[in-house]
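Enquirer: Dumping the structure here so I can ask a few things about it.
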Amino acid sequence: MTAEREAMLKRFAACWFAGLLLLTTASAQPARRRFSLDFGWKFTLGDPPQAERTNFDDRAWRSLDVPHDWSIEGPWKQDNPSGRAGGFATIGIGWYRKTFRLPQELAGKRLLLGFDGVFNRADVWVNGQKVGHNGNGYVSFECDLTPWARANGDNVIAVRVDNLKQASRWYTGSGIYRHVWLVATSPVRVAHWGTYVTLPDVRADRASVVIQTMLRNDTDEPSRANLTVRIAGPDGKQVAEQTAPVEVPPRGETTTTQRLAVPNPRLWSLETPQLYHATSELRDGDRVLDSYDTPFGIRTIKFDVNSGFLLNGKRVVIKGVCLHHDLGALGAAALQSGIEERLKILRTIGVNAIRLSHNPNAPDVLNLADRLGLLVFDEAYDKWDGFLPDGTGWKKNLTSFIRNHRNHPSIFVWSVGNEMTPHMYMREGTLLYQAIENVVHDLDPTRPVTAALHPVRNNRGERDAPLAEIASYMDVISMNYQTRFYARDHQQHPNQVLLGSETHLHQVDLNTPRDPKDNSGNQWWGTRDCATGEYYPYVAGQFIWAGVDYLGESEGWPSKGYRTTLVSMTGVRKPWSYFIQSLYTDSPMVSIAVDNPDFKKLPRRDAGGNFNALLSHWNFPPSLSTLRVYTFTNVPVVELKLNGRSLGEKRAVDFADHIIFWDVPNEPGRLEAIGKRDRAVVASAELCTAGKAVKLRLVPNRTALEATGQDLAYVAVEAIDANGIVVPDARNLVRFELSGQGSLAGVDNADLDSPELFKSDHRELRLGRALAIVESARNLGSVWITATAEGLEPATMAIRVDPPATPVATLQ
């Protein structure tokens, strides 16, 4: 860094921190203030007695920030109680404590402590007083600190987290794994998740916007006030305003409804995901009691058996993937830039929708989907164990889930269950579904309700039987792995749209001889006629299982997770993802993949079919005279060249599933695929043989971070030859050193069997690659990362750490 830039950053930092100080100490404060409580916690793994007490001595505990997942830190052991479902991760009981000081100006405010997520069972104390309990680690919750908090004094939050028992069929993580907030506002205020925006009439020149606002009064006197709603457009300019008188009873709530008209609405769509903001301001005369912001999008959705899924009146075919919530080497710690990186990689495949399997996700996931233009299949539950029609086991959490999420324009369908055996086959299960569906419709009548069915037919294993009774009561019939029955199911349910809530990546080994007209290998052809390219009108689309490798659902030790997916945990797209891209996109593309000659030697869990073991390099032993090569494309013709000589042209329609295969001499050099339409070259791809590894290369996804203490850069480290080609057989141990304004958040190499820890400063290469995740500090400057490996030239780079675009107030 130059001296001039260093001086500039110091001046900027001084002004920035002075501004934050002014923000938190000025006498004229906003009516509602929101503080991050993510920083400065103490943690211990174990269950020390009386740790909730204010005077408990926690000096020996570890200092850390949240979001934090203790399970990802290991150790990973075959006998860990999380078992195969949890990827053999560490679980147990842990405690968190945080001491912070409330400014004097917050005296008299209502103080509300919000947790975006704590896994799994959480008990919360403030200054030794129990203020909350939450039994579902996926659901956000709020605690009222007001009676016990001390203004202008130290306050102690203690949280006991019980994750002794593996709570799901996949990796959950453990601890305060999402953000923590403190909201200070008036005792008369907008209630928690208290606004609900609907759009009863959307036209080109006008949109009718209805806003229901729930108001809460925590005083002993009735409150009479005025509620003003102002709507600002995507450009920040106000477009509508309305004021209504309200009266809120003492120690009670009331809901008021306001109708506004937005002229010439700018619609939320996949291409232009434009967002409006509704500000609900509550006033008592000249005094502002509360001000509450609600982002929303103006759009229409509809399912129709003659048109599929319609967004703003136009058909959108759902081209989705299923996702679990962990972020690989970060575990369950929900950091926005980690989530964003994953979603952006999936978009390069052509993914336009995500199914949040099978639990409420972090608020940041939905915020990003709104901003990026991704549709969301939002799922509340997996199984229905312990659920009863009277609401036992589900109603409270479901209500929180819907109220928290229902203003997000990205959500197009609610799912209330997944593979709910044995309920799916029983009359009692149908009655339970109807009870759950009715609650969702009461909370949000604007979206359809479904549940992902599998097996979907009966409890005798008759896979070609009619659908179970429960399907008849669904707004949309969602099914897992049933595409070959869609035509018949449509005949039996002609008024309901079908949706593939889970579909296989592929069902047939690529080397199995098949008729060119046989397109049963991939379930996409249940949505689209392979011969004509037309989409079936009664099928909305599909969600592939799964988008990204995830922890848990291991098929056996030492594997930590599941790998039959499109993207590795290091964010590297697998060769098969390019076949899915050829189905999901229209922009011309072609890609090359090579059959893995060692496929049959791999443990079955490592592949699930040779399609998942394909390779993207051209380095093979001389003992192999010929290699099977596949080209994935969405253009009619592909020509293959080896070291400049043509190996011929082939048409995609002449091959099953349009997957062109070639038997190519194992000749080092350059293998090139050229995609053609009407004889014109429209796409190309190549593989080149690598030589000996001579040095490391660092490839970041970003070269600048924000000084939030939570912003992430994903830095790939590659072993390359003298020509800059990644060397696939390099397995060097790489060590990472960081200095400056950042730290190492995790390392990975996409090998779920690796015994190495994710929280470490070293990692072995796999296929010539590994990953270092760098987390910013809260100071400005730069973070330097150096990667070294024996026998290779090291690599060093700097990543800037700049002021946050939107500073967030904190309490220490």
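Enquirer: Kindly provide the set of residues from the range 748-770 that are crowded, with 22+ Cβ neighbours inside 10 Å, of a type in the set (Asp, Glu) and over 17 Å from residue 557 (Cβ atoms), ordered by number.
Expert: 748
Enquirer: For the range 570-601, name all the residues that are aliphatic (A, V, I, L, M) and either open to solvent by less than 20 Å² (accessible area, probe 1.4 Å) or modelled with pLDDT under 95 (or both).
Expert: Those that are aliphatic (A, V, I, L, M) and either open to solvent by less than 20 Å² (accessible area, probe 1.4 Å) or modelled with pLDDT under 95 (or both): 580, 583, 589, 590, 592, 593, 594.
Enquirer: Could you please find all residues in the range 182-193 being touching a Lys or Arg at 6+ places or on another chain (Cβ under 6 Å), open to solvent by 10 Å² or more (accessible area, probe 1.4 Å) and either small (Gly, Ala, Ser) or under 23 Å from residue 39 (Cα atoms) (or both)?
Expert: 183
Enquirer: Give me the residue from the range 127-155 that is more than 31 Å from the chain's Cα centre (by Cα) and of a type in the set (A, V, I, L, M) and, out of that set, nearest to residue 108 (Cα to Cα).
Expert: Residue satisfying both the conditions and the ranking: 151.
Enquirer: Also, quick follow-up: Please go through the range 608-635 and pick out each residue that is touching a helix residue (DSSP H, G or I) at 6+ places or on another chain (Cβ under 6 Å) and at pLDDT 95 or above.
Expert: Residues satisfying the conditions are 616, 632, 633, 634.
Enquirer: To continue, here is another question. Residue 605 is checked against (1) at pLDDT below 95; (2) under 19 Å from residue 650 (Cβ atoms); (3) of a type outside the set (Gly, Ala, Ser) and fails just one. What number does that condition carry?
Expert: Every listed condition holds for residue 605 apart from (2).
Enquirer: Any idea which of 671, 642 is more than 40 Å from the chain's Cα centre (by Cα), under 20 Å from residue 616 (Cα atoms) and open to solvent by less than 70 Å² (accessible area, probe 1.4 Å)?
Expert: 642
Residue-by-condition table, conditions (1) out of contact with any strand residue (DSSP E or B) (no Cβ under 8 Å at 6 or more places or on another chain); (2) among the small types (Gly, Ala, Ser); (3) buried (at least 20 other Cβ atoms within 10 Å of the Cβ):
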{"site": "488", "(1), (2), (3)": "yes, no, no"}
{"site": "501", "(1), (2), (3)": "no, yes, yes"}
{"site": "508", "(1), (2), (3)": "yes, no, no"}
{"site": "524", "(1), (2), (3)": "no, no, yes"}
{"site": "529", "(1), (2), (3)": "no, no, no"}
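Enquirer: Where in the range 716-812 are there strands (runs of 3 or more DSSP E), lying fully within it, with 3 or more residues that are at pLDDT 95 or above and more than 30 Å from residue 669 (Cβ to Cβ)?
Expert: 733-740, 742-748, 769-776, 781-789, 792-802
Enquirer: While we're here: Is there any pair with a first residue in the range 163-192 that is under 23 Å from residue 224 (Cβ atoms) and touching a residue at least 24 places away in the same chain (Cβ under 8 Å) and a second that is of a type in the set (A, V, I, L, M) and in a loop (DSSP other than H, G, I, E, B) whose Cβ atoms are under 9 Å apart and which are 6 or more apart or on different chains, and what are they?
Expert: The qualifying pairs are 185/31; 186/31; 189/31.
Enquirer: Answer yes if at least one residue in the range 201-208 is modelled with pLDDT of 95 or more and hydroxyl-bearing (Ser, Thr, Tyr), and no otherwise.
Expert: Yes: the range 201-208 contains one or more residues that are modelled with pLDDT of 95 or more and hydroxyl-bearing (Ser, Thr, Tyr).
Enquirer: Just need a number here: residues in the range 343-354 that are touching a Leu at 6+ places or on another chain (Cβ under 7 Å) and buried (at least 24 other Cβ atoms within 10 Å of the Cβ).
Expert: 2
Enquirer: Any idea which residue in the range 373-409 is surrounded by the fewest Cβ atoms within 10 Å (Cβ to Cβ), counting only those that are touching a residue at least 60 places away in the same chain (Cβ under 8 Å) and small (Gly, Ala, Ser)?
Expert: Only one residue fits best here, namely 373.
The values are calculated or read from the model by the stated rules, or taken from the named source; none is laboratory data. Predicted, not measured: the structure shown is a model, and the values here were computed from it. Here Cβ is always computed from backbone atoms with ideal geometry, including for glycine, and neighbour counts include all displayed protein chains. Quick note on the areas: whole protein, heavy atoms, side chains included, nothing else; ligands and nucleic acids left out. Shrake-Rupley method; radii C 1.70, N 1.55, O 1.52, S 1.80 Å.
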